[in-house]
Amino acid sequence: TSFDFRGLRDIEDPAGRAAKGAVLGLPELFTVRSFIMASRRVEAFLKQYAPELPSLSEERERLDPLKREGDILIPAITDNGELNDGRFPKLRRIRSDIHETRGEIEKRMNAMVHSTTLEKALQEKVFTTRNDRYVLLVKSTMRNRVRGTGLDVSASGATLFIEPEEIQPLNNRLIGLNFDLQIETSRIMRELSQEIGNGAAGLIENLTILAGLDMLCGAARFSAAIRASAPELSDEPVMRLYGARHPLLYLMHGDALVPNHLILAASYTGLIISGANTGGKTLLLKTAALSALMLR
């Protein structure tokens with residue numbers, strides 16, 4: 001049993017920009033959502049195991065539950081990182097209209113490309129889009145066989161991309177709906193960004209706490225992997241290492257690595273380390289230095 005840090009990301013930049021009035025993009029909103037969910041999981045874990053983790057009581061008390069931000073942001077975005085239709089009725093209605101309109105257009109376009117009337121006029125029995133408008137691929141020599149507006153021409157000049165006349169109203173409707181979708185999406189993202197900006201202080205404070213907890217967990221896992229011991233601190237400037245091994249080499253070679261005893265500055269001011277090349281002199285110095293750094 002340990003902390004669940006899934007979704008923990010550095011959200012200081014987006015939270016800080018939101019606090020200044022910036023509108024965050026959907027990926028950034030999703031990142032903050034994941035961070036809030038990670039905060040809640042860690043807070044629940046700290047509460048559940050409070051008796052077993054007395055040394056983390058300060059972190060538990062400081063951690064912001066981010067209730068308002070979470071209650072708004074978590075249901076607003078799906079686990080796939082999309083705006084949730086179920087949370088925004090207008091957005092759902094617009095998306096439904098777009099789906100319905102596109103389906104009607106493609107149904108009619110399919111009928112055209114497979115019709116015997118246009119068979120000889122079409123360069124290919126497919127349709128495509130130009131400038132977000134559905135078009136047919138028409139032979140330039142058969143231009144007069146298709147009623148509609150030419151929107152583009154191929155590099156060779158052999159193919160014209162023509163928007164059929166009967167499709168124009170539907171194309172116009174689809175473009176208008178997509179414009180409405182952009183407006184509604186921007187409105188939602190602006191509101192969600194404002195909520196993040198209002199809670200930026202709590203978010204950034206949680207980031208500091210969670211980053212510290214993540215470091216502690218990493219140190220604990222590393223400590224277990226190298227069979228480390230908790231050091232005893234001394235008021236005297238003395239280092240005593242018993243059975244010390246270089247931590248990274250221990251991860252590579254395990255107990256095959258030869259341990260060393262080393263005592264520094266007990267009753268002398270200098271220590272000479274001698275021996276043959278590849279005898280472990282530098283390794284001993286690095287082991288002592290790393291032990292001091294890990295202690296700090």
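The values are calculated or read from the model by the stated rules, or taken from the named source; none is laboratory data. Remember, predicted model here, so these are calculated numbers, not experimental data. Here the Cβ is made from the backbone with ideal geometry for all residues, glycine too, and neighbour counts use every protein chain on show. We work out accessible area using only protein heavy atoms, side chains counted, and drop any ligands, DNA or RNA first. Shrake-Rupley method; radii C 1.70, N 1.55, O 1.52, S 1.80 Å.
Overview of values
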{"item": "Tabulated pairs, the range 1-23, first more than 11 Å from Asp214 (Cβ to Cβ) and open to solvent by less than 30 Å² (accessible area, probe 1.4 Å), second at pLDDT 95 or above and not aliphatic (A, V, I, L, M), C-beta under 7 angstrom, 6+ apart or interchain", "result": "Gly7/Ser34; Gly7/Phe35; Ile11/Thr31; Ile11/Phe35; Pro14/Glu28; Pro14/Thr31; Ala18/Ser193; Ala18/Gly197"}
{"item": "Whichever residue in the range 41-84 is among the small types (Gly, Ala, Ser) and farther than 17 Å from Ile196 by Cα and, among such residues, is nearest to the chain's Cα centre (by Cα)", "result": "Ala44"}
{"item": "Answer residue from the range 258-296, given it is among the small types (Gly, Ala, Ser) and open to solvent by 90 Å² or more (accessible area, probe 1.4 Å) and is farthest from the chain's Cα centre (by Cα) among those", "result": "Ser267"}
{"item": "Hits in the range 73-94 (condition: in contact with a Leu (Cβ under 7 Å, 6 or more places away or on another chain) and either in a helix (DSSP H, G or I) or crowded, with 18+ Cβ neighbours inside 10 Å (or both))", "result": "Leu73, Ala76, Ile77, Leu83, Asp85, Leu91, Ile94"}
{"item": "Residue in the range 245-262 that is in contact (Cβ under 8 Å) with a residue 24 or more places away in the chain, of a type in the set (Phe, Trp, Tyr) and part of a helix (DSSP H, G or I) present", "result": "yes"}
{"item": "From the options Arg221, Arg190, residue that is farther than 18 Å from Pro14 by Cα and open to solvent by 80 Å² or more (accessible area, probe 1.4 Å)", "result": "Arg221"}
{"item": "Test for Phe45: is it modelled with pLDDT of 95 or more, within 17 Å of Gly212 (Cβ to Cβ) and of a type outside the set (D, E, K, R)", "result": "no"}
{"item": "Subset of the range 95-128 (residues that are open to solvent by 50 Å² or more (accessible area, probe 1.4 Å), at pLDDT 95 or above and either closer than 16 Å to Asn178 by Cα or in contact with a Ser or Thr (Cβ under 7 Å, 6 or more places away or on another chain) (or both))", "result": "Arg95, Ser96, His99, Glu100, Arg102, Glu104"}
{"item": "Any chance Ala44 is surrounded by 14 or more Cβ atoms within 10 Å (Cβ to Cβ), farther than 30 Å from Arg133 by Cα and among the hydrophobic types (A, V, I, L, M, F, W, C)", "result": "no"}
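Every residue, every condition in (1) under 36 Å from the mean Cα position of the chain (by Cα); (2) in a helix (DSSP H, G or I); (3) at pLDDT below 90, yes or no:
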residue: Arg143; (1), (2), (3): no, yes, yes
residue: Glu163; (1), (2), (3): no, no, no
residue: Ile175; (1), (2), (3): yes, yes, no
residue: Glu184; (1), (2), (3): yes, yes, no
residue: Met189; (1), (2), (3): yes, yes, no
residue: Gly197; (1), (2), (3): yes, yes, no
residue: Ile204; (1), (2), (3): yes, yes, no
residue: Ile209; (1), (2), (3): yes, yes, no
